[in-house]
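Q: My questions all concern the structure below.
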Amino acid sequence: DPLIGKAIHRLIQDCQKKLNFTSIIVTHEIPAIFSIVDRVAMLFEGKIILVAGAAGFVPHTLAKFYLEKGAKVIGLDNFITGSQENIDLLSKYPNFEFHHCNIYEHFPTFRKLDFIFSMASPASPIDFNVIPLEIMRVNSEGTLKLLELARETGARFLECSTSEVYGDPEIHPQ
C-alpha cells in the first residue's frame, strides 16, 4: 500500500531527526516515538496485528498502543521472560486475543493478518547464559515460521527481536 509506505518512510525520517540512533533508546524516549507514530496510527484502525512476545515490556506497550488506536491485536508468548501481568492488562481490551505458545514450535492458524511484529526473543545478556538454545530457536525457527505466516496471510513483517539493533558493541554479548 503506497500510502502506508509513504507514512512509514516519513515516520522513519522523523525518528531519525528526533533521536540519535547512535544511542540506546531509553524509556523516556518512548513517548517521543509514540507521538510520531500517532500521526500514522489512523492507518492501523481496524487492522489485525500479531505481536510475538506480547508479554514483554516493549511488545506489550506496542500492543496497548495499537489497541487504543482501534486495531485488533493478537498476542503470542510462552512467558519464558514475559509477564502475565502485561497480558492481564491487555486482556481488558475487547479487541485483544492471546495465545500461550512457543513460536518456534507451533501457534494457531490465522487466516488474515495485516502486520506481524516479531518481538519474541529475550534480549538481555543475562538470558544469553541461562536460555541460549531457546533464544537461538526463537530467532531462527520462530522467525522462519512468522515469515511463512506473513507470506500466507499477506501481512507486513517487522523483525525487532535482537539486542544487536542497539549498535556495534565493544563487548559481546551486549
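The values are calculated or read from the model by the stated rules, or taken from the named source; none is laboratory data. Computed from a prediction, not measured in an experiment: that's the story for all the values here. We place every Cβ from the backbone using ideal geometry, glycine too, and count neighbours over all the protein chains shown. These area figures cover heavy atoms from the full protein model, side chains too; ligands, DNA and RNA do not enter into them. Shrake-Rupley method; radii C 1.70, N 1.55, O 1.52, S 1.80 Å.
Q: Would you check which residues across the range 129-146 are farther than 23 Å from K72 by Cα and open to solvent by less than 50 Å² (accessible area, probe 1.4 Å) and list them?
A: First, the residues of the range 129-146 that are farther than 23 Å from K72 by Cα: 129-141, 144.
I131, I135, V138 - these are the residues of the range 129-146 that are farther than 23 Å from K72 by Cα and open to solvent by less than 50 Å² (accessible area, probe 1.4 Å).
Q: Consider only pairs whose beta carbons are under 9 Å apart and that are at least six residues apart or on different chains; among these, list those whose first residue lies in the range 99-127 and is under 18 Å from I49 (Cα atoms) and acidic (D, E) and whose second residue is open to solvent by less than 30 Å² (accessible area, probe 1.4 Å) and assigned to a loop (DSSP other than H, G, I, E, B).
A: These pairs meet every condition: D114/A71; D114/A155.
Q: Next question. Consider the range 137-170. How many of its residues are of a type in the set (A, V, I, L, M), part of a helix (DSSP H, G or I) and at pLDDT 85 or above? Write out each step before concluding.
A: Applying the first criterion (of a type in the set (A, V, I, L, M)) to the range 137-170 yields 138, 144, 146-147, 149-150, 155, 158, 165.
When the remaining residues are screened for being part of a helix (DSSP H, G or I), the result is 138, 144, 146-147, 149-150, 165.
Retained after the next criterion (residues that are at pLDDT 85 or above): 138, 144, 146-147, 149-150.
Result for the range 137-170: 6.
Q: Open to solvent by less than 20 Å² (accessible area, probe 1.4 Å), modelled with pLDDT of 90 or more, more than 15 Å from F157 (Cα to Cα) and of a type in the set (A, V, I, L, M): does that describe A71? Before the answer, list the steps.
A: Details: open to solvent by less than 20 Å² (accessible area, probe 1.4 Å): yes; modelled with pLDDT of 90 or more: yes; more than 15 Å from F157 (Cα to Cα): yes; of a type in the set (A, V, I, L, M): yes.
Yes, satisfied.
Q: Identify the residue in the range 74-84 that is in contact with a strand residue (DSSP E or B) (Cβ under 7 Å, 6 or more places away or on another chain) and over 18 Å from I135 (Cβ atoms) and, among all such residues, is surrounded by the most Cβ atoms within 10 Å (Cβ to Cβ).
A: This residue is G75.
Q: For the range 50-68: of the residues being farther than 17 Å from T143 by Cβ and touching a strand residue (DSSP E or B) at 6+ places or on another chain (Cβ under 7 Å), which is surrounded by the most Cβ atoms within 10 Å (Cβ to Cβ)?
A: So, considering only residues that are farther than 17 Å from T143 by Cβ and touching a strand residue (DSSP E or B) at 6+ places or on another chain (Cβ under 7 Å), the one surrounded by the most Cβ atoms within 10 Å (Cβ to Cβ) is A63.
Q: Further, regarding this structure: So which of K112, K92 is in a loop (DSSP other than H, G, I, E, B), in contact with a strand residue (DSSP E or B) (Cβ under 8 Å, 6 or more places away or on another chain), at negative phi and open to solvent by 50 Å² or more (accessible area, probe 1.4 Å)? Even if it seems obvious, please write down each step before you answer.
A: On the way: K92 fails: in contact with a strand residue (DSSP E or B) (Cβ under 8 Å, 6 or more places away or on another chain).
After ruling out the rest, the residue left standing is K112.
Q: Return the residues of the range 79-135 that are among the small types (G, A, S) and either closer than 22 Å to Y66 by Cβ or at pLDDT 90 or above (or both); say none if nothing qualifies. Please lay out each step first, then the result.
A: Step one: list which residues in the range 79-135 are among the small types (G, A, S), which gives 82-83, 91, 118, 120-121, 123-124.
Once the filter is applied, which keeps residues that are among the small types (G, A, S) and either closer than 22 Å to Y66 by Cβ or at pLDDT 90 or above (or both), the range 79-135 yields G82, S83, S91, S118, A120, S121, A123.
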